[in-house]
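Asks: Here it is, the structure in full.
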Amino acid sequence: MNLKQQRAAALKAAQDIVAKARAAARDLTTEEAQEIEAKTAEIKRLDEQIAEAAKSAALVAQIGALGADSDGEPATQDGDAPAKSLGEHFAKSVTPAQLSALKSKATPFSVAAPEFKAATDPNLVGAAFGAALTDVDKTIVRTFRRPTISDVLGSGSITGTAITYYVEGAVEGALTSVAEGGQKPQLHFVNPTPVTDNVKKIAGWWDTSDEMIEDVPFMVSEINNRGLYLLALAEENQLLNGDGTGSNVLGILNRSGIQTVTQAAAPDTAQDAIFRASTAVQTATGLSADAILINPADYQALRLAKDANGQYYGGGFFYGEYGVGNVEEKPPLWGLRTIVTAAVPAKTVVVGAFRAVATVYRKGGVRVESTNSDLGKFTKDITTTRIEERLALALRIPSAIVKVTLL
């Protein structure tokens, strides 16, 4: 008996009880009322299962409707909405022929998405998701932090394997007042120094059993919520802390020529040192700082700082400063965009004119590839999914970045 037949049977049983009571011109007995309540709960449960089954059927129909052109590429239709995520793009891009090839253990295929920016154990259905015939609540609580450092940097694309840019030298000499007929001073603009940064690759992979793909169909969320997230965290760490050795990016904090400011002893405070760093950017380069990067623990210390009267400098937990205005969720420091991220080491704050002087160059986009013909996984019904990106970081004026060390 399928779900709809079970629902019809439960509804008929409840209706029969009501009809029997009406025929006898009497109220429902306690037992009858309890039986109707039980049948009503059963009908609601079956409705939920029917709705879930309809969603699965719709997904299957959507994948089946993705035809292929004669050149093997996914067919498109006028008016198709663009994919909103890499996972959706992956699902739309894979053709029935590719799915059939993967199912029959054929050659690998890949999907590139230039429009979107565990190690040893495979992902199995297993005990974590119950038996294959058991309904699964696929809600996953996300304990994620949002990578944000790339948001404050400039962005660009690259077609080669390296980017060469110029770091401007200091101007020698200076303009001055000159008497009539006097000798004018000479200026010398030091030739800018060419710097080349190679494109570096950030990548990883995971294994997924065929049963996981077929019985718990959340491959799209697996790509979006896990693969892309972990890739973004690795990218953020490389852009800020990469040491430049081997395949590592030379991150901002390890660039030669960035300025440093150190918090002095009391009465000097962390907020004083941060403001001095902002001034140092403008003094050295003429540019204005546009953002501050700070560790959550250090931001907390500033956010909870109080004056002699016990008032929070940044506003209390009900009202703004001294009971005036609303509470801001994360008020900025000194009016600059403030990025609170664990990618910044504790007791370190980074202040700079990021967007003007630093650019992340991306070669292509994030690439996702899947195959089951890797390392004998054909005989184990395991599919390997790989996710990767290639990027380079250019920092044209290192002195526009200031590393602040807190006590």
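Asks: Among the listed residues Arg362, Arg355, Arg386, which satisfies the condition of being touching a Gly at 6+ places or on another chain (Cβ under 7 Å) and of a type outside the set (Phe, Trp, Tyr)?
Replies: Arg355
Asks: Could I ask something else about it? Listed residues Ala297, Ala265; which is under 28 Å from the mean Cα position of the chain (by Cα) and either closer than 22 Å to Trp334 by Cα or among the charged types (D, E, K, R) (or both)?
Replies: Ala297
Asks: Select from the stretch 23-58 the residues that are more than 43 Å from the chain's Cα centre (by Cα), assigned to a helix (DSSP H, G or I) and among the acidic types (Asp, Glu) and write down the one among them that is farthest from Ala9 (Cα to Cα).
Replies: Glu31
Asks: Kindly indicate which of Ser247, Ser256 is over 28 Å from the mean Cα position of the chain (by Cα), of a type in the set (Ser, Thr, Tyr) and either at negative phi or in a helix (DSSP H, G or I) (or both).
Replies: So the residue among Ser247, Ser256 that is over 28 Å from the mean Cα position of the chain (by Cα), of a type in the set (Ser, Thr, Tyr) and either at negative phi or in a helix (DSSP H, G or I) (or both) is Ser256.
Asks: Now a separate question. Can you name every residue in the stretch 144-177 that is at pLDDT 85 or above, buried (at least 16 other Cβ atoms within 10 Å of the Cβ) and in a loop (DSSP other than H, G, I, E, B)?
Replies: Correct list: Leu153, Ile158.
Asks: Please state which of the following conditions Asp374 fails to meet, knowing it meets all the rest: (1) over 24 Å from Leu233 (Cα atoms); (2) modelled with pLDDT of 85 or more.
Replies: Condition not satisfied by Asp374: (2).
Asks: Now for a separate question. Filtering the stretch 380-402 down to residues that are over 25 Å from the mean Cα position of the chain (by Cα) and more than 27 Å from Asn237 (Cβ to Cβ), which residue is surrounded by the fewest Cβ atoms within 10 Å (Cβ to Cβ)?
Replies: Lys380
The values are calculated or read from the model by the stated rules, or taken from the named source; none is laboratory data. Just so you know, these numbers come straight off a predicted model, no measurement behind them. For neighbour counting, all protein chains shown are included, and Cβ atoms are generated from backbone atoms with ideal geometry for every residue, glycine included.
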